[in-house]
Amino acid sequence: MDQHDIDLLEKHMPSDPELKSLWEDHVLYKKQVEKLESKPFRTPDEEQNLKQLKKQKLDVKTRLVAKLDYLKEQKA
C-alpha cells in the first residue's frame with residue numbers, strides 16, 4: 001500500500017468500523033506471519049499455520065484494497 005492508501009485509511013477508519021476491522025486484522029496477520037517467518041526452523045504444524053495465516057492475510061488485504069478502491073471512486 002502506498003502513502004495515499006494509508007492517508008485514506010486514516011481518514012475513513014474512525015467513521016467506518018468495517019475498514020478499521022480489516023486494517024487491524026491485516027496488521028495482526030502480518031505480525032503473526034513475520035514472527036513465524038523469523039524462526040530459523042519451523043515444525044510441520046507451524047508451517048501449516050504459516051500457510052493458513054498467509055491465506056488469511058491475503059484475503060483481508062484483498063477486501064481492504066477493494067474497500068479503498070471503492071472509497072477512491074466515491075471521491076472522484
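The values are calculated or read from the model by the stated rules, or taken from the named source; none is laboratory data. Here the structure is a predicted model, which means the values were calculated and not measured. Every residue, glycine as well, gets a Cβ built from its backbone with ideal geometry; the counts of neighbours run over all protein chains shown.
Could you tell me whether any residue of the stretch 33-45 is without any contact (Cβ under 8 Å) to a residue 12 or more places away in the chain, in a loop (DSSP other than H, G, I, E, B) and of a type in the set (G, A, S)? Yes, that holds for at least one residue. Could you tell me which residue of the stretch 35-59 is nearest to M1 (Cα to Cα), considering only residues that are surrounded by 10 or more Cβ atoms within 10 Å (Cβ to Cβ) and among the acidic types (D, E)? Only one residue tops the list, namely D59. In the stretch 61-76, the residues that are at negative phi and part of a helix (DSSP H, G or I) form Cβ pairs under 8 Å with partners that are modelled with pLDDT of 90 or more and surrounded by fewer than 14 Cβ atoms within 10 Å (Cβ to Cβ), at six or more places apart or across chains, as follows: K67/E18. Contact annotation: residue pairs with Cβ atoms under 7 Å, 6 or more positions apart or on different chains, pairing a residue in the stretch 1-17 that is free of Cβ contacts under 8 Å to residues at least 24 places away in the same chain with a partner that is of a type in the set (D, E, K, R) and surrounded by 10 or more Cβ atoms within 10 Å (Cβ to Cβ), are M13/K20.
The numbered conditions (1) within 10 Å of the chain's Cα centre (by Cα); (2) surrounded by 16 or more Cβ atoms within 10 Å (Cβ to Cβ) are all true for V65 except (2).
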